[in-house]
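To start, the structure itself, in structure tokens.
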Amino acid sequence: MAPSELRVRWLGRVRYAEALDLQRRLFSHSNDNYLLLVEHDHVFTAGPSADEANLLVDPAEVGADCVRIDRGGDFTYHGPGQIVGYPILMLPGRRGGGLAETASYVCDLEQVLIDALADVGMGGCGRLRGYPGVWTGLDDTPRKLAAIGVRLSRGRTMHGFALNVDTDLSWFERIVPCGIREYRPTSLRAEGCTATMRGVIDAIAQRAVERWADGGVQRADVAWRHRPSDLSAFSRGLGPGPVEVAPPRSRGRLAEAGVNGGLELADRKPLWLRARMDLNDGYLQLRKVMRRHDLVTVCEEAGCPNIFECWGAGTATFMLNGERCTRACGFCLVDTRQPGAPDPQEPRRVADAVAEMGLDHAVVTAVARDDLVDGGAAGFAETIAAIRAQSPGTTVEVLVPDFGGDAASLGTVLDAGPDILNHNIETVARLQRAVRPSAGYARSLTLLARSASAGHVTKSGIIVGMGEEDAEVDAALADLAAVGVSIVTIGQYLRPTSHHIPVARWVPPATFERWREVGSELGLAHVESSPLTRSSYHAASSAAAVSLAVRTQPVGA
């Protein structure tokens, strides 16, 4: 068997439902080895055989979710200050998934935690006979530091462990943890250990690599420091706020992510980035169509350098739900003032324009609308239906926001039957908080995983030149391939104004060629990668390069 690389991902605070769907996709679709490390909001979870009497409160009354899942064990709690780890591994020689194989794997997982705890100064931890997990105080009063609940099927694992670092232990009083009444849970902090979350995660990652990786490790971390003030006003529930991108908060977040300085706005672009202005007949004609139907395009709103080429060829990306976005991403030119109400006639006008232009492939996107209950999903569904009604032979690609992680809103779009579902991950894990603070790496991966799991051709995009390293882009491509993305676009970041984050580097064309090769090796069906590539650049030819028969593959394929 070939050596196996372990991909370690610290994903920060992630809703339990999103982490579960991401796990399930990696478990069913990929054979790659992952260790996902997260922190959850308050949630109680339970296996199928859990005793309902062990849930002592109504979760809704205490502000928690409650989720039944496919793992062993009774009720347990996840929340802030707790490291939750999900090893998703192929285990040679344990394909049966029987009791003996599962017990052996649980023992391995316990040992990883025991060794890691010793590394951070919490020695003396071990096992308590008859009680899975990691314990302290074994010589007098046993106290549980980590719960373990796993699934092992056909030699592949999911679910994992929950280790209390600085957890509010009063939450465990709302359940009978793991059905154990005779012993109580504890935390590192309650036991006098001052190790940080980051220090413990580093120790766990190292011990996991020693046990499960014989082909090296690929690690990617999101930001370690999170502040509510990083988020846009809408994401904080405050309604519209002032436009704020690079100065001063984005600069500070970039510095925390290890990115300092950058190119000046006046610095000349290299020759390969100089798009030629060409007011050709096709461009002028399409502009008239857009004005006649009173439509907004992302091509204009985002200042796309390819507008003359694409419009000249009769292709454009229609933008729904107005021209004002409720996010404040540091790279984006789209207006962030108070948005207006969606126009109920907009889907029809888009369909009229598609029909007038005779498009074979239509691309529809939208601003993020955190002020709407469904995040603007209905606008996508109505537009897809309107295009289908007027132009049944036209394929439809939608480029969607993350809908705040809401699976039902995404489902509204998917149920409308787009031919391609596109959602951009935008940048590498380390820079997510710096450049798109109201979004998230795990949230975007989960959306893409949900789309692919539903059988849709799924697409994503990455902007480079914002401070990432080449190897980090490789890691992002690996994650996109692992969740089932088929098409990826990669292009150079171009700073729109002095109020946006600076360009960190000009990426040479040869590097884009290399990423195309990396993507192909990872199994991505098509990688559109060049300095001037944007999300919808050559969208029709990219779609043609990927057989739409992928949509008919069974879930999990």
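Please state the relative contact order of the stretch 1-149 as a whole percent: Cα pairs under 8 Å, 6+ residues apart?
19 percent
Multiplying the sequence separation of Arg13 and Cys66 by 0.36 nm and subtracting their Cα-Cα distance, what value in nm do you get?
Separation in residues times 0.36 nm, less the Cα-Cα distance, equals 17.4 nm.
How do 528-535, 156-163 rank on mean C-beta neighbours within 10 Å, highest first?
156-163, 528-535
Roughly how big is the stretch 348-422's charge dipole about its Cα centre, with Cβ charges of +1 (Lys, Arg) and -1 (Asp, Glu), in debye to the nearest 20?
Magnitude of the dipole: close to 200 debye.
Sorted by packing (mean other beta-carbon atoms within 10 Å per residue), highest first, where do 186-196, 32-42 land?
The densest-packed peptide leads the list: 32-42, 186-196.
Restricting the count to DSSP beta bridges whose residues both fall in the stretch 20-141, what percent are antiparallel, rounded to a multiple of 5?
Of those bridges, close to 70 percent are antiparallel.
Using a basic spin-label model with each label point 7 Å from the Cα along Cα→Cβ, how many nm lie between Glu469 and Asn31?
Reported label-point gap for Glu469 and Asn31 is 2.9 nm.
Can you list the residues of the stretch 11-25 with backbone N under 16 Å from a point 7 Å past the Cα of Asp41, pointing along Cα to Cβ?
12-21, by backbone N distance to the label point.
Evaluate the charge dipole of the stretch 388-448 about its Cα centre and quote only its size in Debye, nearest 20, assuming +1 on the Cβ of each Lys and Arg and -1 on the Cβ of each Asp and Glu.
280 debye
Using a 1.4 angstrom probe on heavy atoms only, work out the carbon and sulfur share of the accessible area of the stretch 6-156 in %.
Reported share for carbon and sulfur atoms: 48 percent.
Per 0.36 nm of contour for each residue apart, how much would the distance between Ser104 and Ala408 grow if the chain were fully extended, relative to their Cα-Cα spacing?
Residue separation times 0.36 nm, minus the Cα-Cα distance, leaves 105.6 nm.
What order, most packed first, do the peptides 130-136, 21-27, 56-62 have when packing is the mean number of other Cβ atoms within 10 Å of each residue?
21-27, 130-136, 56-62
Take the Cβ-Cβ distance between Gln345 and Glu52 as r, set R0 to 35 Å, and report the resulting FRET efficiency rounded to the nearest 0.05.
Efficiency at R0 = 35 Å is approximately 0.10.
Sort Lys269, Lys288, Lys459, Lys144 by heavy-atom solvent-accessible area, probe 1.4 angstrom, most to least.
Of Lys269, Lys288, Lys459, Lys144, the descending order of accessible area is Lys288, Lys269, Lys144, Lys459.
The values are calculated or read from the model by the stated rules, or taken from the named source; none is laboratory data. Please read all numbers here as calculations on a predicted model, not as lab measurements. Cβ atoms come from the backbone with ideal geometry, glycine included; neighbour counts cover every protein chain shown. To get the accessible areas, we keep the full protein, side chains included, count just its heavy atoms, and leave off ligands, DNA and RNA. Shrake-Rupley method; radii C 1.70, N 1.55, O 1.52, S 1.80 Å.
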